[in-house]
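What follows is a short report on a single structure.
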Amino acid sequence: MSSSSSSGLRVIRKTTLLAALSAALLAPTMAVTPGEAAATPVLTEVRRQTLAVSITSITPEVPKSLTDVIKITGTVRNDTGTAMSGLQVRLRYSAQPFTDRASMATYQADQNNATLPSSVSTRNSFQNLEPLDAGGTARWEITATPVQLGLRQFGVYPIAVDVAQWGVPLSAQRTFLTYAPPTTPRPPRNKLAVVLPVIDQPRRATDTDPDAPGKGPLFLDDKLSQAVTGRGRLADLLSIAQSAPSSVTWVVDPALLDDLSAMTKGYQVKTKDGKRSQPPSAAAGQWLTDMRTSLAASPVVALPYADPDVAALAHQGLDPQTRRAVELGGQKAQQLLSAKAKTNLNWPAAGVLDPDALDLLAVSGVNTVLLNSTNLPPQPPVPTTPDAAATLDSVNGPVTALVADPELSRLFEPTAPTSQALTRQRFIAETAMISAEPGQTVPRSLVVAPSRRWNPNPALVSSLLKTASRLPWLQLTTLESLKPGKTSVPRAGLTYTDQNRKQELSGKYLDSVKESWSMAQLLSRVTIDGAPSSFDAAVLRLTSSAWRDSTRAGRAAAKMVGTAVTNTTNKIQIFGVGGPRTLAGSSGVVPISVKNGMGHPVALYIDVKSDNPELLQIKIVEETRTIGPGQSTTFQVTMNATPDTSGDATVTVQLKTPDGQPYGKPQRLTIRTTGYTGIALVIVGAALTVMLAAVVTRLLRRRSQRKLARTKTRESETV
């Protein structure tokens, strides 16, 4: 081998070695194919943690002409732990628009650098960065125009900003760019209804504390006092309400308003060691006042009181509770928040219901329901976005179903940290894509509805509402204005799965609620004016769908309410039935007393039945009496012993409401009978006969003696 050949071989070996070393060093940061990404999650994680690139603004958000200058700004943060140089921020793009929303979702979810838009701008759409220290952050700004990016028609386009080292992409941030030049015809202007919930879980056990009536209601915790101040959840909702357009529909749980109102008068809080008294809450009162002012011109929907689990109530036979919750919910919402609050629209727990629950709501006055897209899917499936409005059949006639768009709703409530700029770009892109979907000839209806107990970001939500109000393909409208159209997409019937059924409040739990409800209704039946029970609201709070995720707290609340109802019911009782009563003779009157320990008058009567009719019969007039607070009354009960019998008999005494419902537990009273029998009368008669015979004999003897004496006198005189 020649020296030149040997030298060339050494060069090749060195080159190969350097290439291998370079590959090993760059392996954690180099892009991989989709197949490799799945097989090497460790390398992907390292790549993600190398550098963090963020987009903070895109202006204009919707370019409208080929010459609009699009400015994109953001930051790069070095999380590698060592200084880095040779960094460059670049705009990547594609002139091919998305064809549907599904491809947009796929693009957004893909974190593989190998699938980033292939085009990389070589003009103004990049920026070289100075060497970046470990933990350091650099700001960047790049610009482009639609003509530079090859945009030619209305549509949504993929763009991304990546940070590369020596040309190798290390990290990227994906987003969307909607290009909206003037078009003929214009894109349809779809109707968008935004629904924002003001819902919490019940915080009160009882409206009054039976053990300390003068100290106010008893709360399960004091979390509402924190929620209405500072950066509390309810304070954030108020902040949104103060700037939201009047077209936004607010769905409110009246039990939340009721709890806050109760706090303004002073209350007690359950603690591990007992109870803690709290002074009147000025913050709760101010929140109610500010929310009332903010929503004065907005549509307000009142959920049934305490947001009950209607599906569970329907399946467990608690129909009256649903109807009462709808009625009480409307009263509280109109009293505390808005006189225009309506109860004809219902948003079931998790946005799902079955035909039984739908029928129960329909007979309770509901004619519109807001549903999850999984509960009423299109049938057959369609590649485009279906109109939100559909019609369902119920036992009470047609019911309008409004289906929330899941992706648009998630944007109002992101599950991961994101920038307002990126969320707005996604919202713009989603709504533009819906407008551009093929086959659309008339505007469609869309509904946004974040989850009912959401924790909102006020700045983000307000930003999205402002964006929606200025997009030319959207028209913000109220939820009530959406109606099914003639071209509505056919939908399958209500889809209620076994998993949906398992998520309901259990039958065992609701049995205790049903018992407390029945006892509470008795309290209403004995009141003079038949007013609803003071425990109606407390028992309805036990039916809240919030207890689905807090079963232990729900059981604790149910126990407290059940005890309070029982103790209150027992304040009306029969007394003086401890020992036996003796019935002198064959008949007699037995007094039975009833005491009213309530703070108001009650009306009831007693029903007395003999447990031993062969010994004792009862004669009673079912007379309803009014008993004043703290007073008692005595019923005189006539009892008759059966002839020729004697001994002890028992009677059952039951309090009853004016309409004949048993009140409280029955009491038993022992009656000792000592009546005269037929044999006793014979004996008495015989004794009287003997006595009479003795008297007659005595009279005859005396007469005979007087006659003999007169005879002897005459004889003496003759002599």
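Brief remarks on what is shown
- When the criteria are applied in full, Asp259 meets the requirement of being part of a helix (DSSP H, G or I) and touching a Lys or Arg at 6+ places or on another chain (Cβ under 6 Å).
- Across segment 636-647, the qualifying residues are those that are surrounded by 14 or more Cβ atoms within 10 Å (Cβ to Cβ) and not hydroxyl-bearing (Ser, Thr, Tyr), and the one among them that is modelled with the lowest pLDDT is Ala641.
Yes/no matrix, rows are residues, columns are (1) in contact (Cβ under 8 Å) with a residue 40 or more places away in the chain; (2) surrounded by 15 or more Cβ atoms within 10 Å (Cβ to Cβ); (3) of a type in the set (Val, Ile, Thr); (4) not in a helix (DSSP H, G or I):
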{"residue": "Thr106", "(1), (2), (3), (4)": "no, no, yes, no"}
{"residue": "Thr122", "(1), (2), (3), (4)": "no, no, yes, yes"}
{"residue": "Ile142", "(1), (2), (3), (4)": "yes, yes, yes, yes"}
{"residue": "Val147", "(1), (2), (3), (4)": "yes, no, yes, no"}
{"residue": "Gln153", "(1), (2), (3), (4)": "yes, no, no, yes"}
{"residue": "Val163", "(1), (2), (3), (4)": "yes, yes, yes, yes"}
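- Residue check, Ala306 part of a loop (DSSP other than H, G, I, E, B), in contact with a strand residue (DSSP E or B) (Cβ under 6 Å, 6 or more places away or on another chain) and under 21 Å from Arg548 (Cα atoms): yes
- Meets criteria (in contact with a strand residue (DSSP E or B) (Cβ under 8 Å, 6 or more places away or on another chain), of a type in the set (D, E, K, R) and within 22 Å of Tyr157 (Cα to Cα)) for Asp405: yes
- Just so you know, in segment 604-620 the residues that are charged (D, E, K, R) and either at pLDDT 90 or above or in a strand (DSSP E or B) (or both) include one that is least open to solvent (accessible area, probe 1.4 Å), and it is Asp607.
- Filter result for Gln335 (surrounded by fewer than 17 Cβ atoms within 10 Å (Cβ to Cβ) and at pLDDT 95 or above): yes
- Residue list for segment 106-121, filter: polar (S, T, N, Q) and over 36 Å from the mean Cα position of the chain (by Cα): Gln111, Asn112, Asn113, Thr115, Ser118, Ser119, Ser121
- Set Pro580, Pro601: member being open to solvent by 20 Å² or more (accessible area, probe 1.4 Å), at pLDDT 90 or above and within 30 Å of Asn567 (Cβ to Cβ): Pro601
- For segment 182-225, the set of residues classified as modelled with pLDDT of 95 or more and either in a helix (DSSP H, G or I) or over 22 Å from Val252 (Cα atoms) (or both) consists of Asn190, Lys191, Lys223, Leu224, Ser225, listed by residue number.
- Residue match in segment 394-415 (condition: within 18 Å of Ala160 (Cβ to Cβ), among the small types (Gly, Ala, Ser) and either open to solvent by 10 Å² or more (accessible area, probe 1.4 Å) or in a loop (DSSP other than H, G, I, E, B) (or both)): no
- Here Thr137 passes the criteria (1) closer than 19 Å to Ile58 by Cα; (2) touching a strand residue (DSSP E or B) at 6+ places or on another chain (Cβ under 6 Å); (3) of a type outside the set (A, V, I, L, M) except the one numbered (1).
- Test result for Gln242, over 23 Å from the mean Cα position of the chain (by Cα) and among the polar types (S, T, N, Q): yes
- Search result, residues across segment 649-671 that are open to solvent by 60 Å² or more (accessible area, probe 1.4 Å), charged (D, E, K, R) and in contact with a strand residue (DSSP E or B) (Cβ under 8 Å, 6 or more places away or on another chain): Arg668
- Residue in segment 345-367 that is of a type in the set (Gly, Ala, Ser) and open to solvent by 50 Å² or more (accessible area, probe 1.4 Å) present: yes
- Of the set (1) in contact with a Leu (Cβ under 6 Å, 6 or more places away or on another chain); (2) surrounded by 21 or more Cβ atoms within 10 Å (Cβ to Cβ), all apply to Gln201 but (1).
- Residues of segment 478-492 satisfying the condition of being within 25 Å of the chain's Cα centre (by Cα) and either buried (at least 16 other Cβ atoms within 10 Å of the Cβ) or within 15 Å of Ile434 (Cβ to Cβ) (or both): Thr478, Leu479, Glu480, Leu482
- Matching strands (runs of 3 or more DSSP E) fully within segment 552-601 where at least 3 residues are of a type in the set (S, T, N, Q) and in contact (Cβ under 8 Å) with a residue 12 or more places away in the chain: 587-596
- None of Asp529, Asp536, Asp549 is free of Cβ contacts under 8 Å to residues at least 24 places away in the same chain, more than 23 Å from Gln654 (Cα to Cα), of a type outside the set (Phe, Trp, Tyr) and out of contact with any Phe, Trp or Tyr (no Cβ under 6 Å at 6 or more places or on another chain) except Asp549.
- Entry remark, segment 499-530: residues being more than 20 Å from Arg204 (Cβ to Cβ), outside any helix (DSSP H, G or I), open to solvent by 10 Å² or more (accessible area, probe 1.4 Å) and not acidic (Asp, Glu) number 5 in total.
- All of Pro443, Pro438 fail the test of being open to solvent by 50 Å² or more (accessible area, probe 1.4 Å), out of contact with any Lys or Arg (no Cβ under 6 Å at 6 or more places or on another chain), of a type outside the set (A, V, I, L, M) and in contact (Cβ under 8 Å) with a residue 40 or more places away in the chain, apart from Pro438.
- Which numbered condition Trp454 misses (of (1) surrounded by fewer than 21 Cβ atoms within 10 Å (Cβ to Cβ); (2) touching a Leu at 6+ places or on another chain (Cβ under 9 Å); (3) within 19 Å of Thr478 (Cα to Cα)): (3)
- Residue check for Val89: at pLDDT 50 or above and either surrounded by 15 or more Cβ atoms within 10 Å (Cβ to Cβ) or assigned to a strand (DSSP E or B) (or both): yes
- Total residues in segment 550-572 satisfying the condition of being open to solvent by 60 Å² or more (accessible area, probe 1.4 Å), more than 18 Å from Ser524 (Cβ to Cβ) and in contact with a strand residue (DSSP E or B) (Cβ under 8 Å, 6 or more places away or on another chain): the figure is 0.
The values are calculated or read from the model by the stated rules, or taken from the named source; none is laboratory data. Being a predicted model, the structure only gives us computed values, none of them experimental. Cβ atoms come from the backbone with ideal geometry, glycine included; neighbour counts cover every protein chain shown. These accessible areas exclude ligands, DNA and RNA; they are computed on the full protein's heavy atoms, side chains included. Shrake-Rupley method; radii C 1.70, N 1.55, O 1.52, S 1.80 Å.
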